[in-house]
Amino acid sequence: MTLDISNGGRSAYGRTVTKIIKDTVTGDAEDIHPEAAVAPGYLANHASRVFNRLVDSRLRNHDLSLSLIGPLLLLSWKGPMLQRDLVRHSAVKQPAMVALLDKLEAAGMIQRATSTSDKRAATVELTDSGRVAAAIGRNVLLEINEKAVDGFAPEDAALVVKLLSRVIANLEAPPGT
């Protein structure tokens, strides 16, 4: 089966998408528009939503969430850092990061202290409870990532990572490059 989704023949990808066979699309293929079923953006988004849902369900047992473990994992990797650097090293904007850090501090997982070099800045560091939570988060992420490539040959799992990295690089590239 060949679908022409060219929308006027504007792109090589859009001109021809071949072989959208139900055996290549798992799940309820009838519920997915045929063009979406082979669209990398749709599939990446769908995989991300399923991944996030599974991670959150596993973390909920520990009073954690995917959004909460982000700063914990960053701090466990890089060590104490300024709050503004946490924002810079993550995909979270300043107001959302402040809210996350407020929750983590209230839960006793982080502590903030005024920076000795800049009284307007706060240094954030993990507490013992935060280190435990970061380890739990890391293990859950590893478990769900392993589930995502269950049954893949190691070289196929590596190829998925390589191809997704290329998709991200393509989408983040400035226009015209």
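The values are calculated or read from the model by the stated rules, or taken from the named source; none is laboratory data. The model shown is predicted, which means the values in this text are computed figures rather than measured ones. As a convention, Cβ positions derive from the backbone with ideal geometry for all residues, glycine included, and neighbour counts pool all protein chains shown.
Return the residue satisfying two criteria in turn: it lies in region 101-128 and is aliphatic (A, V, I, L, M) and modelled with pLDDT under 95, and of such residues it is surrounded by the fewest Cβ atoms within 10 Å (Cβ to Cβ). Walk me through how you get there before you give the answer.
Here is the first cut: in region 101-128, the residues aliphatic (A, V, I, L, M) are 101, 104, 106-107, 109-110, 113, 121-122, 124, 126.
Restricting the remaining residues to those that are modelled with pLDDT under 95 gives 113, 121-122.
Values: A113: 11, A121: 15, A122: 17.
Among those that are aliphatic (A, V, I, L, M) and modelled with pLDDT under 95, it is A113.
Going residue by residue through region 107-117, is there one that turns out to be out of contact with any helix residue (DSSP H, G or I) (no Cβ under 6 Å at 6 or more places or on another chain), in a helix (DSSP H, G or I) and either over 25 Å from A44 (Cβ atoms) or of a type outside the set (D, E, K, R) (or both)?
no
Give me the residue from region 151-160 that is in a helix (DSSP H, G or I) and surrounded by 12 or more Cβ atoms within 10 Å (Cβ to Cβ) and, out of that set, nearest to the chain's Cα centre (by Cα).
Once the filter is applied, the top-ranked residue is V160.
Could you tell me which of the residues A39, A91, A96 is aliphatic (A, V, I, L, M), within 21 Å of the chain's Cα centre (by Cα), at pLDDT below 90 and surrounded by 11 or more Cβ atoms within 10 Å (Cβ to Cβ)? Steps first, answer last, please.
Values: A91 fails: surrounded by 11 or more Cβ atoms within 10 Å (Cβ to Cβ); A96 fails: at pLDDT below 90.
After applying the criteria, what remains is A39.
Could you tell me whether region 153-174 includes any residue that is of a type outside the set (S, T, Y) and touching a Pro at 6+ places or on another chain (Cβ under 7 Å)? So that I can check it myself, show each step before the final result.
As a first pass, look at region 153-174 and keep what is of a type outside the set (S, T, Y): 153-164, 166-174.
This time we only want the ones that are touching a Pro at 6+ places or on another chain (Cβ under 7 Å), so: 167.
Within region 153-174, one or more residues are of a type outside the set (S, T, Y) and touching a Pro at 6+ places or on another chain (Cβ under 7 Å).
Listed residues G137, G79, G151, G176; which is within 16 Å of L68 (Cβ to Cβ) and small (G, A, S)? Spell out the reasoning first.
Details: G79 fails: within 16 Å of L68 (Cβ to Cβ); G151 fails: within 16 Å of L68 (Cβ to Cβ); G176 fails: within 16 Å of L68 (Cβ to Cβ).
The match here is G137.
Quick one: which residue in R10, R84 is part of a loop (DSSP other than H, G, I, E, B), modelled with pLDDT under 95 and not hydrophobic (A, V, I, L, M, F, W, C)?
Of the residues listed, the single one that is part of a loop (DSSP other than H, G, I, E, B), modelled with pLDDT under 95 and not hydrophobic (A, V, I, L, M, F, W, C) is R10.
Within region 46-81, restricting attention to residues that are in a loop (DSSP other than H, G, I, E, B) and either touching a residue at least 12 places away in the same chain (Cβ under 8 Å) or of a type outside the set (S, T, Y) (or both), which residue is nearest to K119 (Cα to Cα)?
Taking region 46-81 and keeping what is in a loop (DSSP other than H, G, I, E, B), we get 61-65, 79-80.
Those still in the list that are either touching a residue at least 12 places away in the same chain (Cβ under 8 Å) or of a type outside the set (S, T, Y) (or both) too: 61-64, 79-80.
Values: N61: 38, H62: 34, D63: 32, L64: 31, G79: 20, P80: 16 Å.
This residue is P80.
A173 - would you say it is small (G, A, S) and closer than 30 Å to A39 by Cα? I'd like the intermediate steps shown before the answer.
Working: small (G, A, S): yes; closer than 30 Å to A39 by Cα: yes.
Answer is yes for this residue.
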